[in-house]
Amino acid sequence: MEKFSLKRNQFRNSNPESSKKSTKDIVREIVDYSYQKDAYMGHRIEGGYLIAYLVEKARKLQYLKEGEITQEPKNENAYIGIAVHSESDLQFIKNLIVMVTVIDERGNVIGNQQHLYHPRPELHNYGMNWVLPGDGLYTIRVHVGPANLKRGGDMKNNKTPGIVEVEFPHIRIQTGQHNS
């Protein structure tokens, strides 16, 4: 897998808005991006997005289901997080539809689910807990699309890129749950 790399002047003149940014804002973006890049296990650049993934043991997450707050994990044994950044300025993009499919090493689809936005301090991602058959090699297929894409609509006034699909093959996942 490629490691992230900052290009010289990556945060300057990448778009018309960047010329309005202060040095402090640019430094903050670089620090935020550097922190995120070290947290992720790999990435792909496709269709205007930089899409990265992380995999860890299942964590405690709270969801609103049928009007009640439920807490996970119960039987879940892996957390898969997906970060989606703009390729041009590396800013995290919110309000996307992120669908993830997990495939085992024999090619069997384990599941497909929409990942929710999880803002962690300085580490934003779309993530969910999963129930996987156990430790092993998996393929993570990520489908990203704008939440506001209307059927037959045009993308002219939308700042997010279009629909993109990427795969991360042969990902070693160790299952389990975080104790905290």
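The values are calculated or read from the model by the stated rules, or taken from the named source; none is laboratory data. These figures come from a predicted structure and were not determined experimentally. Neighbour counts run over all protein chains shown; Cβ positions are idealised from the backbone, glycine included.
Go through Glu29, Glu72, Glu56 for me and flag whichever is at pLDDT 80 or above, crowded, with 16+ Cβ neighbours inside 10 Å and of a type in the set (Asp, Glu).
Going through Glu29, Glu72, Glu56 in turn, just one is at pLDDT 80 or above, crowded, with 16+ Cβ neighbours inside 10 Å and of a type in the set (Asp, Glu): Glu56.
Take Asp135 and decide whether it is in contact with a Leu (Cβ under 9 Å, 6 or more places away or on another chain), more than 14 Å from Tyr53 (Cα to Cα), surrounded by 12 or more Cβ atoms within 10 Å (Cβ to Cβ) and modelled with pLDDT of 95 or more.
No, not satisfied.
Filter the stretch 159-180 down to the residues that are modelled with pLDDT under 90 and exposed (fewer than 12 other Cβ atoms within 10 Å of the Cβ), then identify the one that is nearest to Val98 (Cα to Cα).
Lys159
Hey, among the residues in the stretch 77-92 that are at pLDDT 90 or above and over 9 Å from the mean Cα position of the chain (by Cα), which one's surrounded by the fewest Cβ atoms within 10 Å (Cβ to Cβ)?
Among them, the one singled out is Asn77.
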